[in-house]
1. Would you mind checking which residues have amide H under 5 Å from G69's amide H? H placed 1.01 Å from N; only 5 or more apart, or other chain.
2. Would you mind computing, in nm to one decimal, how far apart the modelled labels at L164 and R115 are, each placed 7 Å from Cα along Cα→Cβ?
3. Which FRET efficiency value, to the nearest 0.05, is calculated for L132 and A90 with the Förster distance at 45 angstrom and r the Cβ-Cβ distance?
Amino acid sequence: MCEGEEPVDDEPEERHLTATADFVSFLQARHKLPVRMQCRWRGHAYLVSTPPRRHVVDDGVVLVGDAAGLAYPSGGEGIRPAVESGVMAARAILAADHRYERANLQPYEQQLRDRFKLESEPPDRRPWQATLAATLAPWFFDARWLVRHQVLDRWFLRAGEPALDSKSQATRTPSTRM
């Protein structure tokens, strides 16, 4: 440790490793993973959009994509929201005109809520909805046309949604190009 440096808390990393080892043991005990398998976990967890769990702007900070929790809850897909939120964030930054306080960046958060229909509370799920979904799911997923056009194109890829408006919502145009 260098002089003046704060000690690093290794406990969260140790808890993560312990939890991972416990999960692997759980899967091995149920014969879901080979007992002698050595694995290295890759990837990351991310937030989904309903309900939003964090503010996406603060003084000098604008979150986009997975960091803003914009993956679609129905399938976890988040490329489109990541790209669109990046464009919207750029517009908000330009509109802030070098004044990057939260109040000047706040319209971006509302634009995200409007664009991705983010609700402040999750919708109520009634017990009959889960029963109906469980009953129809096997039939539904055996129908290739429905899976291709409804599940993949409409629900997962959101192919029917209009593209983000190409007109800039920023009130300021940058005077120099990067």
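1. L47
2. About 0.4 nm, to one decimal.
3. On the way: r = 42 Å, r/R0 = 0.94.
My answer for the efficiency is 0.60.
Every read-out reported here was derived from the displayed coordinates using simple, explicitly stated rules and does not represent laboratory data. From a predicted model like this one, the values you see are computed outputs, not experimental measurements. Note: ideal-geometry Cβ built from the backbone for every residue, glycine included; neighbour counts use all protein chains shown.
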